[in-house]
Amino acid sequence: MKNKIKILAIETSCDETSVAVIENGRRVLSNIISSQINTHRVFGGVVPEIASRMHLESINHIIKEALEEANIGFKDVDVVACTKGPGLIGALLVGISAAKAISYGLNIPLIGVNHMEGHICANYLVHGDLEPPFGGLVVSGGHTYLVNVKDYENIEILGRTKDDAAGESFDKIARALGLPYPGGPEIDKRAKNGNKEAINFPRPLIDDNTYDFSFSGLKTSVLNYLNQKNQKKEQINIDDVAASFQEAVLDVLVKKSERLIKSFSMDKFIISGGVAANSSLIEKMQSVCDDNGVKLYYPTKIFCTDNAAMIGSAAYYNYISGKRDELDLKVYPNLELNE
């Protein structure tokens, strides 16, 4: 095996068209992201058909730009990788089709990557000293997991959401408050000016004996509060609602994470996924980790949201473990973390 493995990685699971070149799973040679947020914002969320069309229109240009920024050509690429799931089926098909064409044309290995595994690997791009084993909280728009990362290719799921994911709840409450898409950053921003103790929203499953999550009841509670205010024609303090809602979500995430850290006597813990960009979550988890003598890792914001660099990192560890995919690789819109 070569000393320096260059992977061309493609990510098109939702509303970002991203292509990166990653060397040995850790070094980012390029990471180009073309976001569709402004297009979807007018609809209050992602429109799958529009997302697929925009991926198709931009993918070849983004591949070219990623190679140019990395200062390499197709002949220098050792492996091509793409997201195989989870995600929007039409969007995933654009990325996987491009990766298959490159694999066939260059006669190089093809690797389909689990998007959620990519979120975990995003930390490797930022923290050169991070190696398994460690615990982790993976919080994105569609998934919420507590995991025990035993090795690069051995991830044990200890807890997961039973219904709405944390990020999904943020987006839905933001929409109900009239805040623009994406909702997570907007809730975080408005919460800074609000009173987090103004409204006592429920903390579902916070005291149960599992590591599982449930946020649908909390979401319903917030929506009922807003409906009651509207029916009574009472003024709604958006900052207070945002702060109180966010505090309820973070209390559950942090308490479950601390329980995991203590139960497994962990000395390293990561946060990853889109919600890992939430400033209050980082502050709370940093405090918990400091209290328990644990080193906390989290990606920079650019690697929290969807990006191809994290897919390239995950692909590298798949590759060196011997995994390969054939040209009949399928997309898996509902893929779970270690499937």
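The values are calculated or read from the model by the stated rules, or taken from the named source; none is laboratory data. Just so you know, these numbers come straight off a predicted model, no measurement behind them. Glycine gets a Cβ as well: all are built from the backbone with ideal geometry, and neighbour counts include every protein chain shown.
So if I check each of GLY142, GLY159, GLY194, GLY136, which one is within 21 Å of VAL254 (Cα to Cα) and crowded, with 24+ Cβ neighbours inside 10 Å?
Working: GLY142 fails: crowded, with 24+ Cβ neighbours inside 10 Å; GLY159 fails: crowded, with 24+ Cβ neighbours inside 10 Å; GLY194 fails: crowded, with 24+ Cβ neighbours inside 10 Å.
Within the list GLY142, GLY159, GLY194, GLY136, the selection yields GLY136.
Of all the residues that make up the range 197-232, how many are touching a Pro at 6+ places or on another chain (Cβ under 6 Å) and either loosely packed, with under 11 Cβ neighbours inside 10 Å or touching a residue at least 40 places away in the same chain (Cβ under 8 Å) (or both)?
Initially, the range 197-232 is screened for residues touching a Pro at 6+ places or on another chain (Cβ under 6 Å), giving 214, 217-218, 221.
Retained after the next criterion (residues that are either loosely packed, with under 11 Cβ neighbours inside 10 Å or touching a residue at least 40 places away in the same chain (Cβ under 8 Å) (or both)): 214, 218.
Total meeting the criteria: 2.
Would you say VAL79 is surrounded by 16 or more Cβ atoms within 10 Å (Cβ to Cβ), modelled with pLDDT of 95 or more and in contact with a His (Cβ under 6 Å, 6 or more places away or on another chain)?
Values: surrounded by 16 or more Cβ atoms within 10 Å (Cβ to Cβ): yes; modelled with pLDDT of 95 or more: yes; in contact with a His (Cβ under 6 Å, 6 or more places away or on another chain): no.
No; evaluated as a whole, the condition is false for this residue.
Restricting attention to the range 1-47, which residues are part of a strand (DSSP E or B) and among the hydroxyl-bearing types (Ser, Thr, Tyr)? Before you say what the answer is, go through the steps one by one.
First pass over the range 1-47, keeping only residues part of a strand (DSSP E or B): 6-11, 16-23, 27-35.
THR17, SER18, SER30, SER34, SER35, listed by residue number.
Would you check if ILE155 is in contact with a helix residue (DSSP H, G or I) (Cβ under 9 Å, 6 or more places away or on another chain), in contact (Cβ under 8 Å) with a residue 24 or more places away in the chain and within 19 Å of ASN227 (Cβ to Cβ)?
Numbers: in contact with a helix residue (DSSP H, G or I) (Cβ under 9 Å, 6 or more places away or on another chain): yes; in contact (Cβ under 8 Å) with a residue 24 or more places away in the chain: yes; within 19 Å of ASN227 (Cβ to Cβ): no.
Considered against the rule, which asks whether it is in contact with a helix residue (DSSP H, G or I) (Cβ under 9 Å, 6 or more places away or on another chain), in contact (Cβ under 8 Å) with a residue 24 or more places away in the chain and within 19 Å of ASN227 (Cβ to Cβ), ILE155 comes out as no.
Would you tally the residues in the range 295-312 being surrounded by fewer than 21 Cβ atoms within 10 Å (Cβ to Cβ) and out of contact with any helix residue (DSSP H, G or I) (no Cβ under 6 Å at 6 or more places or on another chain)?
Going through the range 295-312 one residue at a time, the tally reaches 3.
Report the residue count in the range 180-205 for those that are at pLDDT below 95 and part of a loop (DSSP other than H, G, I, E, B).
5
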